[in-house]
Amino acid sequence: MVDAYQGQMHDSGKISDRLRGQTLPNNTGAEQSVLGCAMMKLEPLAAMMSLLGQEDFYDPKHQLIFEAITALNENQKPCDILTVTNHLISNGNIGRAGGREYVSALPGSVPFAANYPVYIDVVRDLAVKRRMIMSLDGIIGLCFTSEFEAEQLIELAAQRIMHIREDDDNAGLTHLGEILGARINELGAIARGERTQPARTGYPSLDRVLGGLRKGALYILASRPGVGKSALSLNMAHNVARYYGAVVAIFSLEMSKEEVATRLLSSKTMMSFQQLESLDIKDKVSWDKIADGLGELYGVPIYIDDHSSVNVVEIHARCRQLQLQKQKLDLVVVDYLQLMGTATSRSKAENRQQQIAEISRMLKVMARDLEVPVLALSQLSREVDRAARRPRLADLRESGAIEQDADVVMFLHDPNRGEEESSYQQDIRDIDLIVEKNRQGERATIALEWNPQTLTFSAPDYRGIPEP
């Protein structure tokens with residue numbers, strides 16, 4: 001979508017007239033302290049090499065000194081005042097790096113060597129701010145032209161922010177004990193009722209297998225067309241929002257928001273599409289059902305986006321905005337994966353399989369970044385119908401990367417699916433929900449009953465309300 005003008009933004013080093021003469025955010029003392037610590041001890045040297053890059057230093061002198069330290073470290077040579085100075089002399093950069101005296105004085109300029117993590121954080125934070133200024137300055141310049149539409153520029157701005165965030169997402173290695181300590185504290189908070197547990201789908205058998213919808217996890221629900229994956233995802237979304245007060249975002253690439261809302265109303269009132277659209281104004285019983293259903297659904301925190309050309313970058317940005325507005329976000333539903341465009345306009349994917357792999361990867365990144373479960377719907381290949389068998393992971397359409405990225409892969413399978421007869425299509429029938437992959441638990445097959453007229457799934461242990 002933004003290929004035509006993406007190239008205009010590549011050279012982020014150019015400063016516009018708007019910024020020329022202004023000093024970008026920087027801290028000379030912090031940069032000096034980071035380099036000085038790195039020339040004193042191995043621990044701050046390793047931290048600097050893993051968390052910072054040459055472009056993170058604002059002062060050109062410091063960039064050259066960092067480059068010299070990097071070269072010495074790569075050649076497994078010591079990095080101290082003498083070796084760094086000699087390296088800068090040998091490549092002719094000692095003058096541009098401030099001279100012998102400047103380089104030699106860096107270790108002595110460190111206030112307190114043990115505080116090197118703080119100095120690194122200051123340098124990183126300011127570097128991110130400079131990247132934001134440079135990136136968004138280019139977009140501001142494009143806003144003054146009449147060549148591009150506002151939607152295109154919004155998409156580009158979202159991409160820029162997301163790429164900066166991805167580049168800065170470098171937490172490094174964390175000790176096992178620290179991770180387990182935090183996890184035990186989290187489990188204790190859940191046990192004491194101080195922290196909300198994972199949202200439940202409302203289907204007890206499924207919840208027991210999955211342990212609820214976990215934050216940061218990617219769930220794939222796949223089936224052949226007409227088996228009911230969209231309906232099941234809406235049933236789950238309604239249960240999560242209605243009974244847990246959860247905020248749910250639904251991105252419907254196939255249906256309009258009016259169709260999605262009508263499906264939810266149909267499930268709630270147990271009235272079919274045909275009944276809703278052929279209502280008699282004098283049918284008081286039906287209108288009372290609708291009034292009751294509307295009363296229950298009206299305040300449910302479900303938000304629907306029906307843009308058919310949405311991509312992962314836009315979904316990520318809109319979910320972040322909703323999360324900030326509502327102070328939480330508990331579930332994201334994407335219907336469905338194969339209808340999405342490329343994840344970013346600068347995608348290098350050469351075919352649809354690579355594009356789907358990229359989309360799948362970015363959905364998982366989004367789930368972890370927003371700390372929210374993402375339920376993405378997917379199509380299965382025609383081979384399932386041809387062979388008249390249960391679906392397998394290999395049947396996920398267009399990309400094997402989906403099964404790699406997903407934490408849970410579920411299939412809706414109609415064991416009696418054969419020739420499509422109009423009467424059969426309207427019958428209540430049994431559907432298998434197959435949990436084929438589950439990183440956090442068992443694989444299982446759950447029996448569901450599908451009512452295609454009211455677009456509702458039910459189960460023997462499902463009463464439409466959550467377990468105590």
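Overview of results
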read-out	value
Count - residues of the range 275-308 that are exposed (fewer than 12 other Cβ atoms within 10 Å of the Cβ) and either among the acidic types (Asp, Glu) or in contact (Cβ under 8 Å) with a residue 24 or more places away in the chain (or both)	3
Those residues of the range 389-420 which are farther than 22 Å from Thr456 by Cβ, surrounded by fewer than 18 Cβ atoms within 10 Å (Cβ to Cβ) and modelled with pLDDT under 70, in sequence order	Gly400, Gly418, Glu419
The range 240-250, residues that are surrounded by fewer than 23 Cβ atoms within 10 Å (Cβ to Cβ), not in a loop (DSSP other than H, G, I, E, B) and not charged (D, E, K, R)	Tyr243, Tyr244
Among the residues listed as Arg130, Arg96, the single one being assigned to a helix (DSSP H, G or I) and either closer than 19 Å to Pro60 by Cβ or of a type outside the set (Ser, Thr, Tyr) (or both)	Arg130
Check on Ala157, surrounded by 15 or more Cβ atoms within 10 Å (Cβ to Cβ), farther than 21 Å from Asp56 by Cα and modelled with pLDDT of 75 or more	yes
Condition check for Glu43: closer than 17 Å to Tyr119 by Cβ, under 35 Å from the mean Cα position of the chain (by Cα), assigned to a helix (DSSP H, G or I) and modelled with pLDDT under 90	yes
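Residue-by-condition table, conditions (1) assigned to a loop (DSSP other than H, G, I, E, B); (2) surrounded by fewer than 23 Cβ atoms within 10 Å (Cβ to Cβ):
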| residue | (1), (2) |
| --- | --- |
| Asn185 | no, yes |
| Ile190 | no, yes |
| Asp207 | no, yes |
| Gly216 | yes, yes |
| Ala222 | no, no |
| Ala237 | no, no |
| Met255 | yes, yes |
| Ala261 | no, yes |
| Leu265 | no, yes |
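The values are calculated or read from the model by the stated rules, or taken from the named source; none is laboratory data. Model, not experiment: these values are computed from the prediction. Please note: Cβ atoms are built from the backbone with ideal geometry, for glycine as well, and neighbour counts cover all protein chains shown.
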